[in-house]
Each structure stands twice: as structure tokens, then as C-alpha cells.
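A quick write-up on the structure given underneath.
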Amino acid sequence: MSRRTPIKSRVKVCNKSVFHLQDKKADDSELSIGLIKSAKRTGQLSLCNRGLGSVPENVWKIDELVMDDTKEVDFARSDQNNWWNCEPLKMLDLSSNVIKAISPNVKLLQDLVTLKLHDNALTCLPSEIGELKSLSNLSLDHNKLKELPIEFYKLTELRWLSISHNELIKIVPDFGDLVMLTFLDLSHNKLSSLPPGMGYLVRLVELNLSHNELVELPPDIVNLRDLKKFNISNNNLKNLPPMGELRKMEILDANHNNIEELPDFYGCNALKEIYLANNFIKAITEEFCDQMQHLNILNIRDNKLEILPDNISLLQKLKRLDLTNNNLNQLPRNLGLLSQLQSINMEGNKLSFVRQDVIRGGTDRMMKYLRDRIGEEVVSETRYEAEWPDKYTMKKSQSLMVPGRELTCVPDHVFRAAADAEVHIVDISKNKLTAIPTSITMLSEWLSQLVLTSNSIESIPPEIGSLQHLQFLDLGKNCLADLPIELGDLKHLRELVICNNKFTKIPRCVYELDHLEILLAAENQITEINISSDALAKLKRLAVLDLTNNSIMSVPPELGNFTHLRSLELMGNCFRQPRHAILAKGTASILSYLRDRIPV
């Protein structure tokens, strides 16, 4: 009888019980010599999912630990662990444990850039966390935090912050001091209001406020002009402010609120997706269809809609339309003209004239039915437009829009009518103007956006300095070689576009624009980047600088110290350094490269 050779199992058996609770000594033992050496070599330490109830004390002192006490010099010995080759700790992962408190000694990790504390049992943070001046990424999701220490708002280098699934009841106005944030997640908390300081977070690209108890949004929330994704679903909001200032917003999620009317979206030219399900909206307005001609997705199911406007056919780029569970009893004939529609849902309405088999038959069946109603008739909409918008139109939209009319001048009476209508936005782009009408100063009390791109303007009048409320000025694609010094009086200007002109240098007046955040100067003949203390260095809020396709001969290394720049574009210039490979890696790599070349 043959004996079977015993096979040794390769499965490792964990001796810890399922409900094992570690004591302080066991927690300290989790930080092994090997982990310490690896952390000092790489600058990264992960104690994720170790069952820790407390943080090993040596974690906070890891930068001071000396692993090699030998005093003899051995040139044959590997020098990987020598103190002069050690990296300071920059990434610390303590996530997925049961840690209840963070030691005040966290302040010892002065080089920390990333700190992961999500999925723990934290009830508070030490005030010393505010001393981590280099901290850029912080995750605190799935803890039990009820408030943040006031020192927390000293973390002014934070770019990425997530505090979802906690028990926060309020946040203080000091939150507005975290001006470098580009990502913020405050979802799944107990916030009933937001402080007015939120409007200072102008670099935010993504903001999640869902699953809270918000009743209203602060008025300055529309100052977040870089915002692309905005989630305010599952709150108690009854109305939304005019969204026109959020010109870069691409996705708005406001599902599950108490909203009764569609907000004003005029100016949201980047908006592609709107989610407004489970609200109390009664009508889609004609103004909405006029403003949202670039929309791809509209989900407005489970509302109180009773009728759709005839001009819904303007939403020519719409791909998904969900109108489920409303009070619709008829559909406009022009709905069949939405040629790009891939999904349309109509179930749960009172469409007595449409058979149920058509409604349940899917998008193709419904669209065929709607197009059959149009028949062979060729439908073309022509809208009568007078040469100039009337006062009623301007008052309703608070804008003067006359692009692409081949205008050579704008009469004074037009600006006078615009002033009576308290117009905030003027768009005279794509015309044949050779100069800016000085009558535009009639709008100095209200004008916030002025678009003059694609004209033949050769000079700007000094009177432009009187437009004190101007925040956005587009002078691109003209024939400008200089700007008047009076333009520097526009202290509220946040975005200036001077692309495709004849500038050989950035005009001196630009450096006086204290609140400037975005400067687009591509496609000119600019030869230098002036970073002196009376030039670019004065623009402390500048986040975007585009100098693409100019004649710049060299890039000063000191530009690397401009860490407030979120986007720096330098492609298509004459300089040899930085090389194209560095430029292609993005802003962070360019700035790092330049800093390394600053002479000591």
C-alpha cells in the first residue's frame, strides 16, 4: 500500500481572533524595524488596516529615529540606511483602523504632505494639526467628528479634503481661509447651513455637499468660478441662486430637495448634465430651453411638471431626458425634433392621448410616434430679432447680447437702454468694432462681464477704469499692442483674456489687478516673463497663467516659487529649458523643475 506524501498547506492562518482588541503595547509593536527603515528610505509609511486602537508613539518621532549607531566608516557597506539618505515622512496612511484619538505630537511631522485617517473612530482632532504647514491631502471620511478645531483652518496648503460620513453640525467662516482647495467633500454630515466664507474657495473644481440638512446656499457660493462638479443632492433646499457665475460647471446634482422653480442658468455655457429628480418643480421654462442649448442630460423625474414649452426643440444636444412620474397630460409636437436623443422616459404621467404600449415601448418607439405627429411637414423655426434687444429682453436677462452682427459701432441709446435695464453682462463679440464705445461707462454701476473678443479693436479708452464692478474682461482676437494704465483700477477683475493680439509684453496695468485669478495671454509676441516684486509677484491670487505660443526666450527659475499657480501653460515658445518633456508633465512638474534651478 503506497503512502501518500503529506502536502504542506500554503495558506497562512491568522492567530488573531475576529474580535481581537489590541492594547497599547501591541499597537506599538505593529511599527516594525523593517517598516521604519522603509519609511525613512521612501518617505512613506502605511499602517492601514492593522487593527490599531492607537497610533504607535514612534510614528510621530520617525524623522528623528537613528537606525544605525555604528561609528566606523565602512566604504564597502551599503549606504541606503545612512542618515544623509533618509527621506522625511511625506505620506502617512492610518486608515481602516479603530483609532480614537491623534496625539498632539502629530505636529512633529512638518514635511507631511498626505495624511489618511479615514475609516477610524476619531471623535476630535488635536489643535496641533494646524501646524502641518506642508499638508496638501487629508482624508477624514467615516469617523465621528462633530467639529473641527479652529487651528484646523491654518492648513492653508490643503488641496484635497474629504470629511464625508461624519457628524459635523456646523463649520465656521474661517473655512474660507483654505483658499488652495480644489476638491472638497462634506457629504453625509449634519450641516444645516454654510458660512459666507465658502465663496473664497475660488480654486474648487469639485464640491460635494450632498446628504446634509441644508435649507439654503450662501449667496457667494456662485463665486466658485472654477467649479466643474457640484453635488447638493439630498438636502432641504427650496430654491437655488442664479447660477450664471459658475461658467465652468459641467455637472449639477440637486436630486432629492424641495426645489420649486428652476434657477437662472444664463451664463452656464459648460453645463452638460442637470439632475433635479425628486423635487417640486412645476414647469420647464422657455428661458431654460433658450439658455441650455448645449445640455446633454436632463433628469427631472418625480416632480410636478404639467406642461413642456414648445421651444424644447432648442435642446438639440440632449441625449437623455427623464420625465418619469410627473403630471404631464400633453407633449409639444417639437419634442420629436430632438435628433440626438438616445433615451427618453415618460412613464408615470397622465398622457391620455398616447397609448401605454408606446410609452412602455422604449425610446425608439416614442421618438417614432413623436416624429410621425410632425408628418412630412418641414419644420423650421425662425425667431424675429430686432437689430437691438428691447428693454424687456434686457431687463429679463440682465444682459446685452449682440454677437456676430457685423456691427461697426454701438449707438449711445443702446447703452442708455441697457443702463435702464441694469445690465450685468455685455457681449459684443464677433463684430467689426475698431474701438470700444466710451458710452459703455453708463453701465459702470452694474457691469460685471464684458466680452469684446473677435473684433478689430486697436486701443482701449482710459474710461474703462470706471467699470469698477467688472470681474471678467475678454479682449481676445483683436489688434491690441498695449492697455491703458487706467485698466489697473479694475480692482474686482478676476479674469482677463488678451489672447491673439500683438502684445510684446504683459502690460504694466495688469500687475495692479490685485484680485486677478486667471490671465490668458496666449498667441501674442511676448518676449519675457517679468517675475519681479512689482510685476507678476504682486498677483498673489493668480491661479491660471497661459503664455502659450509667444516669443519667450527664457523662463526665470524663480517662477517656480509661484506655488499658488494651479495651471501654467508655456508650450510653443523659443526657450530651450524647460524641455518639452517637462512641460508635458503639467504645472506641478514645471514649478518643481524651476525651483531646482534657482541658484543658491
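Would you say Glu131 is surrounded by fewer than 19 Cβ atoms within 10 Å (Cβ to Cβ), within 28 Å of Ala543 (Cα to Cα) and among the acidic types (Asp, Glu)?
Numbers: surrounded by fewer than 19 Cβ atoms within 10 Å (Cβ to Cβ): yes; within 28 Å of Ala543 (Cα to Cα): yes; among the acidic types (Asp, Glu): yes.
Judged against the criteria, Glu131 is a match.
Out of Leu542, Leu591, Leu519, which single residue is part of a helix (DSSP H, G or I) and in contact (Cβ under 8 Å) with a residue 12 or more places away in the chain? The conditions single out Leu591. In region 61-72, the count of residues that are within 45 Å of the chain's Cα centre (by Cα) and modelled with pLDDT of 85 or more is one or more.
Restricting region 141-157 to residues that are surrounded by 21 or more Cβ atoms within 10 Å (Cβ to Cβ) and within 23 Å of the chain's Cα centre (by Cα) leaves a set whose member that is nearest to Ile171 (Cα to Cα) is Phe152. Here Phe183 meets the list (1) buried (at least 18 other Cβ atoms within 10 Å of the Cβ); (2) out of contact with any helix residue (DSSP H, G or I) (no Cβ under 8 Å at 6 or more places or on another chain) almost entirely, failing just condition (1).
Residues in region 445-489 that are over 19 Å from Ile428 (Cα atoms), of a type in the set (Asp, Glu) and not in a loop (DSSP other than H, G, I, E, B): 2 in all.
For region 431-462, filtered to residues that are under 17 Å from Pro389 (Cα atoms) and in contact with a Ser or Thr (Cβ under 8 Å, 6 or more places away or on another chain), the residue that is surrounded by the most Cβ atoms within 10 Å (Cβ to Cβ) is Asn431. Residues that are under 39 Å from the mean Cα position of the chain (by Cα) and small (Gly, Ala, Ser) were ranked within region 22-58; the one that is nearest to Ser134 (Cα to Cα) is Gly43.
Say whether the condition of being touching a His at 6+ places or on another chain (Cβ under 9 Å) and acidic (Asp, Glu) is met by at least one residue in region 445-454.
Restricting attention to region 445-454, the residues satisfying the condition of being touching a His at 6+ places or on another chain (Cβ under 9 Å) are 445-449.
When the remaining residues are screened for being acidic (Asp, Glu), the result is 445.
Within region 445-454, one or more residues are touching a His at 6+ places or on another chain (Cβ under 9 Å) and acidic (Asp, Glu).
Given the structure, is Glu216 free of Cβ contacts under 8 Å to residues at least 40 places away in the same chain and over 23 Å from His118 (Cβ atoms)? Working first, answer last.
Details: free of Cβ contacts under 8 Å to residues at least 40 places away in the same chain: yes; over 23 Å from His118 (Cβ atoms): yes.
Yes, satisfied.
Of all residues in region 161-175, those that are farther than 16 Å from Asn212 by Cα and buried (at least 17 other Cβ atoms within 10 Å of the Cβ) total 2.
Restricting attention to strands (runs of 3 or more DSSP E) lying wholly within region 250-318, give those where 3 or more residues are over 20 Å from Val222 (Cβ atoms).
297-299
The values are calculated or read from the model by the stated rules, or taken from the named source; none is laboratory data. Bear in mind that the values here come from a model prediction, so they are computed numbers and not experimental data. Note that we place each Cβ from the backbone using ideal geometry, even for glycine, and neighbour counts take in every protein chain shown.
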